[in-house]
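Engineer: The structure under discussion is supplied below as structure tokens; questions concerning it will follow.
The values are calculated or read from the model by the stated rules, or taken from the named source; none is laboratory data. The shown structure was predicted, so the numbers you read here are calculated from the model rather than taken from an experiment. Here the Cβ positions follow ideal geometry from the backbone for every residue, glycine too, while neighbour counts run over all protein chains shown.
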Amino acid sequence: MSITNREIADTFETIADMLQIKGESIHRVMAYRNAALAIRDLPRDLRAVAAEGTLTDIPNVGDTLAAKITEMLDTGKLEFYERLAKEIPPGLVQVMRINGVGPKKARLFWEKLGITGVQALEAAARAGQLRDLPGMGEKSEQKIIEGIEALARQTGRAPLGVALPAAQAILDHLMQLPGALEGAVAGSIRRGRPTIGDVDLLIASHEAAPIMDAFVTMEQVARVLGHGPTKSSVELHSGLQVDLRVLEPARWGTALSYFTGSQAHNIRLRELALKKGFSLNEHAFSPVGADGSIIEDAPKILCATEEEVYRTLDLPWIAPELREDAGEIEAALENRLPNLIVVADIQADLHMHTIWSDGTLSIREMAEAAKSRGRKYIVITDHSQYSTIANGLSVERILRQQEEVRRVDAEMSPDLRVFHGVEMDIRSDGTLDFPDEVLAQLDFVVASLHFSLRQERSQITQRVLNAIRNPHVDLIGHPRGQYIPDREPADLDMDAVFEAARQHGTALEINSNPRRLDLEAVYARRAVELGIPLAIDTDAHSAAQMDLLYFGVLTARRGWVQAENVLNTWPLERFLSWVQSRGK
Ligand code: DGT
Ligand code: CA
Ligand code: CA
Ligand code: ZN
């Protein structure tokens with residue numbers, strides 16, 4: 001079996017980790033890391049690129065790395081890697097992936113205790129052998145045990161932000177074939193889950209074979225896992241697995257409903273069907289006899305649309321984002337499904353960065369980008385001084401920034417209003433990064449956790465409560481602090497956070513960046529139940545990131561959120577009077 005882009009990228013990534021454990025220069029390490037990233041993003045087979053002799057056109061791939069790629073393509077192996085692996089045990093690379101363990105600690109555990117893998121490290125940690133090492137203690141030993149447990153929970157699922165565009169691109173490609181009548185991305189992507197196991201595509205056509213052939217021969221296919229008359233599966237070079245099913249248009253509704261899932265939702269639909277005397281599967285409703293077995297010669301009900309599937313069950317159509325058997329069937333039966341928010345409801349963006357901190361555009365450029373996307377008002381919220389790595393603003397700089405914001409506001413008005421805010425750090429000791437006198441001069445204040453996210457529950461919860469209780473703080477940014485797929489949320493007492501937010505009328509963010517999606521859906525839903533206002537923001541650092549709004553709205557829809565619950569769907573006057581009512 002031939003080597004895939006992903007395996008080559010993984011090897012470079014591992015080499016980077018090994019060089020880092022070895023203590024090599026960061027430039028050398030980054031050369032491998034950046035090349036790995038570029039290869040992961042490459043939409044073409046490396047083998048084809050190598051055959052053209054254009055490997056060095058790939059960003060971050062020079063002659064040295066091109067030679068290494070060629071060696072792996074030709075031999076399936078890399079001598080440099082094998083030599084390195086004799087020096088640095090490859091198991092240490094896994095050790096480095098544990099939250100809280102970097103290259104230095106990995107090396108320390110190896111040198112002092114001979115640890116060469118995660119299992120050995122866990123045993124040592126549980127035996128209390130790590131606490132006496134230099135720079136370690138009982139607490140950091142416990143953190144490592146927790147980190148190992150978290151690592152074990154990781155499942156190799158792809159972030160929605162990676163899987164959705166890839167799935168859509170493949171579907172668009174296949175829909176250009178003459179026989180393709182209707183197409184959809186189904187499965188967990190259609191339901192908007194933050195991470196994706198595999199991609200499920202459906203196409204309606206009278207002739208499956210040409211579509212199947214086109215699918216398994218796409219350029220980005222690394223391996224064909226199955227190639228049948230109506231179903232095929234492939235693994236892409238990116239590592240993503242994609243299933244395609246082709247079916248008759250007359251059965252589109254049952255198929256789309258079935259393969260959208262979730263499985264739990266499908267089971268509920270099947271129970272309802274049985275009560276009406278039908279067995280429901282991906283093909284049809286089939287009449288069943290008293291003993292529950294299908295009556296073979298009775299006419300089946302085919303459904304060309306999902307609406308017909310639900311109508312056959314006497315239900316209104318249920319939005320895919322709700323299909324988790326989390327109360328949506330009951331709500332549908334009682335005709336009280338929510339009127340879910342849509343992207344067009346969004347009027348404003350309350351969280352974005354500029355070149356004043358770590359963004360890539362000026363205030364004016366961000367304003368233009370927002371205007372061209374139909375936003376009516378925005379808040380410029382650069383980082384505050386505690387975020388030194390993000391070039392956070394000092395008091396002096398933020399006051400200076402205000403002049404520029406006011407100028408841009410005047411220039412853009414009345415098409416777009418531009419307000420001045422901040423994304424203020426909640427410091428590790430729980431204090432806020434600006435004094436009240438400074439906050440009072442800003443139009444809108446977002447407060448966020450960026451550091452010390454692994455503090456224990458009471459301590460980190462207290463930090464967020466301090467921010468919520470400050471009357472100048474309007475919104476808590478990305479409240480739980482997860483990073484998809486590899487950083488778990490902070491250990492917050494969410495009941496306490498919700499209670500404080502409710503009491504003080506502080507809003508909570510749904511951050512649209514697909515690496516965050518924070519608040520996630522279940523918490524957004526809880527916030528709505530408690531009457532806590534939400535904001536769906538992009539946290540954009542560039543113009544392109546403003547288009548990530550879609551992911552935030554998808555997450556909100558999974559959380560049963562309606563437009564009314566979201567600050568930035570409101571007309572400007574209502575938003576302003578809400579801000580004023582907060583005691584400034
Ligand atoms: P994933 O891929 O893990 O992110 O999640 P899904 O929901 O995309 O799951 P997947 O790809 O295994 O299957 C797609 C849909 O097909 C799933 O949501 C429901 C349906 N399905 C698959 N297997 C079964 C099954 O055994 N029973 C039922 N009722 N439905 C199934
Ligand atoms: Ca799937
Ligand atoms: Ca699947
Ligand atoms: Zn932030």
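Engineer: ARG97 - would you say it is surrounded by 13 or more Cβ atoms within 10 Å (Cβ to Cβ), in the same structural domain as GLU141 (by TED's automatic domain parsing) and not small (Gly, Ala, Ser)?
Structural biologist: yes
Engineer: Identify all residues within the stretch 380-410 that are touching a helix residue (DSSP H, G or I) at 6+ places or on another chain (Cβ under 9 Å) and within 22 Å of ASN568 (Cα to Cα); write none if there are none.
Structural biologist: The answer is ILE380, ASP382, HIS383, VAL405, VAL408, ASP409.
Engineer: SER357 - would you say it is assigned to a strand (DSSP E or B) and over 23 Å from the mean Cα position of the chain (by Cα)?
Structural biologist: So SER357 does not fit the description; no.
Engineer: Which one is farthest from ligand 4 (Cβ to nearest atom), of the residues in the stretch 537-574 that are within 20 Å of the chain's Cα centre (by Cα) and of a type in the set (Phe, Trp, Tyr)?
Structural biologist: If we filter the stretch 537-574 for residues that are within 20 Å of the chain's Cα centre (by Cα), which is where we start, we get 537-561.
Next cut, of a type in the set (Phe, Trp, Tyr) only: 550-551, 560.
Details: TYR550: 20, PHE551: 16, TRP560: 25 Å.
Checking each candidate, the answer is TRP560.
Engineer: Would you pick out the residues in the stretch 445-481 that are part of a loop (DSSP other than H, G, I, E, B), within 11 Å of ligand 4 (Cβ to nearest atom) and touching a Leu at 6+ places or on another chain (Cβ under 7 Å)?
Structural biologist: PRO479, GLY481
For every residue, the table says whether it meets (1) within 16 Å of ligand 2 (Cβ to nearest atom); (2) surrounded by fewer than 22 Cβ atoms within 10 Å (Cβ to Cβ).
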position: LEU202; (1), (2): yes, no
position: PRO210; (1), (2): no, yes
position: ASP213; (1), (2): no, yes
position: THR217; (1), (2): no, yes
position: GLN220; (1), (2): no, yes
position: VAL224; (1), (2): no, yes
position: GLU235; (1), (2): yes, yes
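Engineer: List the pairs whose first member sits in the stretch 560-583 and is surrounded by 15 or more Cβ atoms within 10 Å (Cβ to Cβ) and modelled with pLDDT under 95, whose second member is in a helix (DSSP H, G or I) and of a type in the set (Val, Ile, Thr), and whose Cβ atoms are under 6 Å apart, counting only residues at least 6 apart or on separate chains?
Structural biologist: Cβ pairs passing all conditions: none.
Engineer: Can you find even one residue in the stretch 453-460 that is crowded, with 20+ Cβ neighbours inside 10 Å and within 17 Å of GLU499 (Cβ to Cβ)?
Structural biologist: Yes.
Engineer: Let me ask something else. Could you please let me know if LEU202 is modelled with pLDDT of 95 or more and more than 16 Å from ligand 4 (Cβ to nearest atom)?
Structural biologist: So LEU202 fits the description; yes.
Engineer: May I pose another question? Name the one entry in SER372, SER394, SER384, SER362 that is in the same structural domain as SER428 (by TED's automatic domain parsing), without any contact (Cβ under 8 Å) to a residue 24 or more places away in the chain, more than 20 Å from LEU416 (Cα to Cα) and away from ligand 1 (no atom under 16 Å from the Cβ).
Structural biologist: Being in the same structural domain as SER428 (by TED's automatic domain parsing), without any contact (Cβ under 8 Å) to a residue 24 or more places away in the chain, more than 20 Å from LEU416 (Cα to Cα) and away from ligand 1 (no atom under 16 Å from the Cβ) holds for just one of SER372, SER394, SER384, SER362, which is SER394.
Engineer: Also, quick follow-up: Return the only residue of ALA152, ALA167, ALA123 being in contact with a strand residue (DSSP E or B) (Cβ under 9 Å, 6 or more places away or on another chain), of a type in the set (Gly, Ala, Ser) and part of a helix (DSSP H, G or I).
Structural biologist: Result of the check over ALA152, ALA167, ALA123: ALA167.
Engineer: Now a separate question. If the requirement is being within 12 Å of ligand 1 (Cβ to nearest atom), in contact (Cβ under 8 Å) with a residue 24 or more places away in the chain and either in a helix (DSSP H, G or I) or not assigned by TED's automatic domain parsing to the domain that holds VAL101 (or both), which of these qualifies: LEU202, LEU174?
Structural biologist: Values: LEU174 fails: within 12 Å of ligand 1 (Cβ to nearest atom).
Unique residue meeting the criteria: LEU202.
Engineer: Select from the stretch 360-409 the residues that are β-branched (Val, Ile, Thr) and part of a helix (DSSP H, G or I) and write down the one among them that is farthest from HIS450 (Cα to Cα).
Structural biologist: This residue is VAL408.
Engineer: Just need a number here: residues in the stretch 361-374 that are buried (at least 23 other Cβ atoms within 10 Å of the Cβ) and either charged (D, E, K, R) or out of contact with any helix residue (DSSP H, G or I) (no Cβ under 6 Å at 6 or more places or on another chain) (or both).
Structural biologist: 2
Engineer: Which one of these does THR254 not meet: (1) away from ligand 1 (no atom under 16 Å from the Cβ); (2) in contact (Cβ under 8 Å) with a residue 40 or more places away in the chain?
Structural biologist: With (1) away from ligand 1 (no atom under 16 Å from the Cβ); (2) in contact (Cβ under 8 Å) with a residue 40 or more places away in the chain applied to THR254, the lone miss is (1).
Engineer: Could you tell me which residue of the stretch 411-439 is nearest to ligand 4 (Cβ to nearest atom), considering only residues that are among the hydroxyl-bearing types (Ser, Thr, Tyr) and surrounded by 12 or more Cβ atoms within 10 Å (Cβ to Cβ)?
Structural biologist: SER428
Engineer: With SER232, SER279, SER257, SER238 as the choices, which residue is within 30 Å of LEU42 (Cβ to Cβ), of a type in the set (S, T, N, Q), more than 16 Å from ligand 4 (Cβ to nearest atom) and at pLDDT 95 or above?
Structural biologist: None of the others qualify; the one that does is SER232.
Engineer: Consider SER542 carefully, then state whether it is part of a loop (DSSP other than H, G, I, E, B) and surrounded by fewer than 19 Cβ atoms within 10 Å (Cβ to Cβ). Give the steps one after another, and end with the answer.
Structural biologist: Values: part of a loop (DSSP other than H, G, I, E, B): yes; surrounded by fewer than 19 Cβ atoms within 10 Å (Cβ to Cβ): yes.
Yes; evaluated as a whole, the condition is true for this residue.
Engineer: Another question, then. Considering only the stretch 8-41, state which residues are modelled with pLDDT under 90 and either in contact with a helix residue (DSSP H, G or I) (Cβ under 6 Å, 6 or more places away or on another chain) or in the same structural domain as ALA167 (by TED's automatic domain parsing) (or both).
Structural biologist: Scanning the stretch 8-41 gives a single hit, ARG40.
Engineer: Taking the condition part of a helix (DSSP H, G or I), assigned by TED's automatic domain parsing to the domain that holds ILE363 and either touching a helix residue (DSSP H, G or I) at 6+ places or on another chain (Cβ under 8 Å) or of a type in the set (Asp, Glu) (or both), does VAL522 pass?
Structural biologist: Answer is no for this residue.
Engineer: If I ask for residues that are part of a helix (DSSP H, G or I) and more than 17 Å from GLY102 (Cβ to Cβ), which ones from the stretch 1-14 would you list?
Structural biologist: Within the stretch 1-14, ASN5, ARG6, GLU7, ILE8, ALA9, ASP10, THR11, PHE12 meet the criteria.
Engineer: Looking at LEU73, is it surrounded by fewer than 18 Cβ atoms within 10 Å (Cβ to Cβ), in contact with a Lys or Arg (Cβ under 7 Å, 6 or more places away or on another chain) and assigned by TED's automatic domain parsing to the domain that holds ALA48?
Structural biologist: No: the conditions fail for LEU73.
Engineer: I want to confirm something. Restricting to the stretch 177-199 and keeping residues that are over 26 Å from the mean Cα position of the chain (by Cα) and assigned to a loop (DSSP other than H, G, I, E, B), which single residue is nearest to ligand 3 (Cβ to nearest atom)?
Structural biologist: ALA180
Engineer: Restricting attention to the stretch 161-200, which residues are of a type in the set (Gly, Ala, Ser), near ligand 2 (Cβ under 9 Å from one of its atoms) and surrounded by fewer than 21 Cβ atoms within 10 Å (Cβ to Cβ)?
Structural biologist: Hit for the stretch 161-200 is GLY197, nothing else.
Engineer: Being surrounded by fewer than 21 Cβ atoms within 10 Å (Cβ to Cβ) and within 16 Å of ligand 2 (Cβ to nearest atom) is the filter here; which residues of the stretch 247-260 pass it?
Structural biologist: Correct list: PHE259 only.
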